[in-house]
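Chemist: Right, I'll just put the structure down here and ask away after.
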Amino acid sequence: MNNRKHISFAVFITFIVTTVLYVGAYLYVPLFSGTLNNAASFLKSADSGKIGDKIKEIDKYVDTYYMDDIDSEKLKNYAVKGYVSGLGDVYSEYYSKAEYEELNADLTGNYKGIGVEVAIDVDDLITVLAAYDGAPAAKAGIKKGDKIIKVNDTDVDASNYDEAVNMMRGAGDYGKTDDMILTVKRGEKTFETKVTREKVISQTVKSEMLESNIGYVNVSQFAEETDEDFEIQINSLISKGAKALIIDLRNNPGGMLTTVVNMADYLLPKGEILRIVGKDSEPMIYSSDEKCIDLPICVLINGSSASASEVLSGALKDHDRATLIGEKTYGKGVVQSIFDLNDGDALKITTAKYYTPSGECIDQKGIKPDINLKMELTKNLALYEKNEDTQLQRAIKELSK
């Protein structure tokens with residue numbers, strides 16, 4: 001993959017969504033309450049059959065002979081996580097109440113944090129890919145390209161990356177205070193700055209006007225309000241004279257089904273966007289109406305463009321509405337649903353496959369670009385200047401013809 005752990009965080013880390021793409025890229029149907037019983041109660045219940053009997057048998061030995069204190073909540077979480085892991089599906093997962101709250105923060109794009117996107121760069125240092133305008137990190141002087149080398153008194157790098165993220169986003173005991181001191185390396189200089197967490201809105205869509213009146217739109221994930229922001233920013237580019245569009249989906253791990261369908265509808269004429277086929281159910285077909293923008297489009301993709309990114313890329317390609325440039329996508333053609341459990345925990349399981357308008361399921365295959373162009377990265381993709389980005393430059397060339 002082109003970059004290792006890539007995270008947008010505050011209280012939650014994306015993107016999905018904790019190391020979303022790397023644990024599993026994601027495409028979620030809208031959240032809803034399920035009719036499932038609490039998973040822990042199921043495992044312990046007398047009528048749960050062999051699974052419950054096995055747990056109760058183990059409990060007897062643990063209660064009688066285990067020499068140290070027992071954390072019942074921890075045992076419950078591990079038991080249920082193990083049960084879901086037994087499905088052998090990397091996309092199915094059990095969430096404790098706290099983990100579920102973090103997931104919801106990511107999906108809505110609203111959270112309490114410092115407002116940065118970070119990744120482990122080639123030097124094994126935690127590198128800022130973006131500092132959101134007006135957010136705490138930017139107000140504290142942190143900029144794109146800075147290296148965060150210490151959080152309070154703890155040295156941080158690739159070796160303790162997850163701990164560093166938890167400290168910065170205020171997870172668990174780290175959230176007792178919203179204040180922290182970050183030690184930042186910028187070039188050869190090192191400085192300390194105080195950062196205070198506050199409410200932040202994810203900036204999942206960024207846009208600008210390039211040469212030859214080409215509008216550039218980068219979409220980092222498909223959160224709850226990404227579709228609205230996407231349309232607003234493209235309309236703004238058109239009002240400024242954009243004659244063509246580049247949509248950058250590189251390193252985008254996915255997100256909400258409803259969001260990507262709305263974005264595809266905005267870009268496509270009347271026709272099918274995708275088809276979802278679940279267990280013992282009729283296919284669900286999502287289609288676009290006749291209204292759409294009428295501009296030439298290039299879409300940038302790579303091996304870390306996954307799930308919802310592949311839905312949008314596949315629909316645009318199958319309808320001949322865009323030229324795909326870059327590298328073959330990740331290859332995730334399955335959909336997850338999230339069920340609320342009785343105690344505030346949640347269960348995410350794979351419930352369906354999806355098919356592009358041409359009838360192809362791209363799971364474990366990915367989508368091939370129309371123009372295959374690999375970038376040999378010497379740093380994180382987000383740190384490249386526009387004139388260094390060969391895939392972007394090729395898209396500009398195609399749209400300037």
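The values are calculated or read from the model by the stated rules, or taken from the named source; none is laboratory data. Computed from a predicted model, the values in this text were never measured in an experiment. Here the Cβ is made from the backbone with ideal geometry for all residues, glycine too, and neighbour counts use every protein chain on show.
Chemist: Could you please let me know if S236 is assigned by TED's automatic domain parsing to the domain that holds I293, under 19 Å from D133 (Cα atoms) and more than 22 Å from the chain's Cα centre (by Cα)?
Modeler: So S236 passes the test.
Chemist: Looking at the range 58-81, I want the residues that are closer than 24 Å to E93 by Cα and have a partner that is surrounded by 11 or more Cβ atoms within 10 Å (Cβ to Cβ) and not β-branched (V, I, T) with Cβ atoms under 6 Å, at least 6 apart or on another chain. Which pairs are those?
Modeler: Matching pairs, first to second residue: K76/A40; N77/S96; A79/L43; V80/A39; V80/A40; V80/Y94; K81/Y94.
Chemist: Condition first: more than 38 Å from the chain's Cα centre (by Cα) and under 18 Å from V80 (Cα atoms). Now tell me which residues in the range 61-70 satisfy that.
Modeler: V62
Chemist: Select from the range 276-323 the residues that are farther than 18 Å from C361 by Cα and among the basic types (K, R) and write down the one among them that is surrounded by the fewest Cβ atoms within 10 Å (Cβ to Cβ).
Modeler: Applying the filter and picking the extreme gives K291.
Chemist: Here is a check on your reading of the model: is V299 in a helix (DSSP H, G or I) and not acidic (D, E)?
Modeler: Judged against the criteria, V299 is not a match.
Chemist: Just to be sure before I move on: is L324 within 22 Å of L27 (Cα to Cα), at pLDDT 95 or above, in the same structural domain as I362 (by TED's automatic domain parsing) and in a strand (DSSP E or B) in the structure I sent?
Modeler: yes
Chemist: Do the conditions hold for A346, that is, is it outside the structural domain of L245 (by TED's automatic domain parsing) and buried (at least 23 other Cβ atoms within 10 Å of the Cβ)?
Modeler: Yes; evaluated as a whole, the condition is true for this residue.
Chemist: Exactly one of these conditions fails for V335: (1) at pLDDT 95 or above; (2) not in a loop (DSSP other than H, G, I, E, B). Give me its number.
Modeler: Of the numbered conditions (1) at pLDDT 95 or above; (2) not in a loop (DSSP other than H, G, I, E, B), the odd one out for V335 is (1).
Chemist: Are any of the residues in the range 137-157 closer than 30 Å to I349 by Cβ and either modelled with pLDDT of 90 or more or out of contact with any Leu (no Cβ under 6 Å at 6 or more places or on another chain) (or both)?
Modeler: So far as the range 137-157 goes, no, none of its residues is closer than 30 Å to I349 by Cβ and either modelled with pLDDT of 90 or more or out of contact with any Leu (no Cβ under 6 Å at 6 or more places or on another chain) (or both).
Chemist: Considering only the range 181-220, state which residues are part of a helix (DSSP H, G or I) and in contact with a Leu (Cβ under 8 Å, 6 or more places away or on another chain).
Modeler: Scanning the range 181-220 gives a single hit, S212.
Results for (1) part of a helix (DSSP H, G or I); (2) of a type in the set (D, E); (3) loosely packed, with under 13 Cβ neighbours inside 10 Å; (4) not assigned by TED's automatic domain parsing to the domain that holds M256, shown as yes or no for each residue.
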site	(1), (2), (3), (4)
I58	yes, no, yes, yes
D63	yes, yes, yes, yes
A79	yes, no, no, yes
G82	yes, no, yes, yes
Y100	yes, no, no, yes
A105	yes, no, no, yes
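Chemist: Next up: Need the failing condition index for Y100 against (1) in contact with a helix residue (DSSP H, G or I) (Cβ under 6 Å, 6 or more places away or on another chain); (2) at pLDDT 85 or above, just the number.
Modeler: Tallying (1) in contact with a helix residue (DSSP H, G or I) (Cβ under 6 Å, 6 or more places away or on another chain); (2) at pLDDT 85 or above, Y100 fails exactly one: (1).
Chemist: Quick one: in the range 158-168, of everything that is under 15 Å from E102 (Cα atoms) and modelled with pLDDT of 85 or more, which residue is surrounded by the most Cβ atoms within 10 Å (Cβ to Cβ)?
Modeler: Per the stated criteria, the residue is M168.
Chemist: Quick one: in the range 262-299, of everything that is over 22 Å from I234 (Cα atoms) and among the hydroxyl-bearing types (S, T, Y), which residue is modelled with the highest pLDDT?
Modeler: This residue is Y286.
Chemist: Under 8 Å between Cβ atoms, which residue pairs at least 6 apart in sequence (or on different chains) link something in the range 184-204 that is of a type in the set (D, E, K, R) with a partner that is modelled with pLDDT of 95 or more and exposed (fewer than 15 other Cβ atoms within 10 Å of the Cβ)?
Modeler: Correct list of pairs: R186/K143; E192/I181; K194/I181.
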